[in-house]
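See structure below.
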Amino acid sequence: MKRKSTGPFAVCVLFFALASPSTGRQEDARARCDNGSAESCLMLGIDYENGERVPKDLGRAVDLYRRSCDGSYMMGCRYLADMYKNGIGVAKDNSRALALYQRACDGRDASACNSLGAMNETGAGVTMDLKRAATLYQRACDGGEPLGCDNLASLYETGTGVDKDESRAMELYRKACDGGAASACGSLNALNSKPDTPLALDLQACDKGEARGCVAMGQRYKGGYGVEQDNSRAAPFLQKACDLRSAIGCVYLAKLYEYGNGVAQDLSRAAFVYQKTCDFGNGSNEINTDIGDGCAFLGQMYNSGTGVAKDSGRAASLFQKGCDFGSDDGCVDLGGMYASGFGVSKDSGRAASLYQKACEHSGDGCMPLGKMYEAGDGVVKDPVQARKFYQLACDSGNRDGCTALSKLK
């Protein structure tokens, strides 16, 4: 199977976000790059790589990506690694690509971890190491890169570099599919339709105290995968998973209590479980979107005063922690606070940056970012950029994005 080494939004969204709509703005970006803005250097590099409003110049793009990386902007390192890996604008050099992907991965760029995993799996520029590939895919998956989950699922399905475990593969395919990796949805359906779908294996794993088995059983009953859908039967499995320190198990459990699905609604209990999930991240600097979501969802409760005393300052802190751990909800909700000035000092530029971060990963921030470009709020007014972000929002299933796109002149 060909390894998938680029996230579903990573290239198109970043290009839309950073491409310069005018010569004036491009000159401003050049000035910022010359003054040490690594992000602006990346912006210019993308323009030169794609020939967008400047003559295409791959060598210049490589130089700008290098400056971005030298400025410790990990996405710049990843883009430079892509150039070396594919021999674009520079002589193909897998060893150099590996070093750059490693640096970016160590700097918490989940997509770089996925690309590094693919090179280790295929032996591109390095001795094939399937166990290391699996470890890197896991880091990518934990960091919110759905293709990392998809690639790791494939290893578990086939028993490549890891013990064959179709139960684990299904869990990872579900996470990748939920994250927007369309290929994972197809793999999940194919695996789920097999006559020997490993329901018994999930149950056995849970009985042995393996959190992943309990999560898988909870997911089965929540979604009706191979069993009749029944949230009340999902709850005990998710409780056990949460007790075994599974962040995603805790998040699923808290959602049941928050909305009263299969259990009596208990907002205080939901808040307690979200807090437990968020606390799993204490002392860690590794991206984990499940932990991040726990923080973000608890922040939503504090922001609205649902099940806890309303506290916008606490909400902002939780949204920030969630965003730092890779939760798009955390980034979007914190962006909303900065955009409105509710609970924090109004900062439209900061809001735009947070929306962009979310949009790069899943599209959640694309709609509000489109509004900012349409209005010129916190960014240079640009209907072309607005249209692009509305299109991304619409493509990700946001009906408001489709509506805004149809109304934009």
**Q.** Förster radius 60 Å - calculated FRET efficiency between Asp230 and Asp28 (Cβ-Cβ, nearest 0.05)
**A.** 0.55
Q: Run the quick spin-label model on Asp207 and Asp279: label points 7 Å from Cα toward the beta carbon, then report their separation in nm to one decimal.
A: 3.2
**Q.** Cα-based Lys proximity count in region 315-404, under 18 Å, for pairs eight or more positions apart or on separate chains
**A.** 6
Q: Read through the labelled values [x] 5, 20, 30, 26, 14, 4, 0; [y] 4, 21, 29, 22, 14, 8, 2, 0; [z] 5, 23, 33, 22, 11, 5, 1, 0, 0 and report the label of the one computed as P(r) over Cα pairs in 10 Å bins from 0, in percent from the structure.
A: [x]
Q) Could you put Lys175, Lys346 in order, starting from the residue whose Cβ has the fewest other Cβ atoms within 10 Å? A) Lys346, Lys175
Q. For the pair Ala124 and Ala375, how long in nm is the line joining their label points, each one 7 Å along Cα→Cβ?
A. 4.2
Q: Using only Cα atoms, tell me the angle between helix 23-34 and the longest principal axis of the chain; keep it within 0 to 90° and round to the nearest 10.
A: 80
Q. For a label point 7 angstrom out from the Cα of Thr158 toward its Cβ, which stretches of region 92-120 have the backbone nitrogen within less than 19 Å?
A. 114-120
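Quick note: the coordinates plus some simple rules give every number you see, no bench work behind them. Please read these numbers as outputs of a predicted model, since none were measured by experiment. Cβ sites come from the backbone with ideal geometry, for glycine too, and all protein chains shown count toward neighbours.
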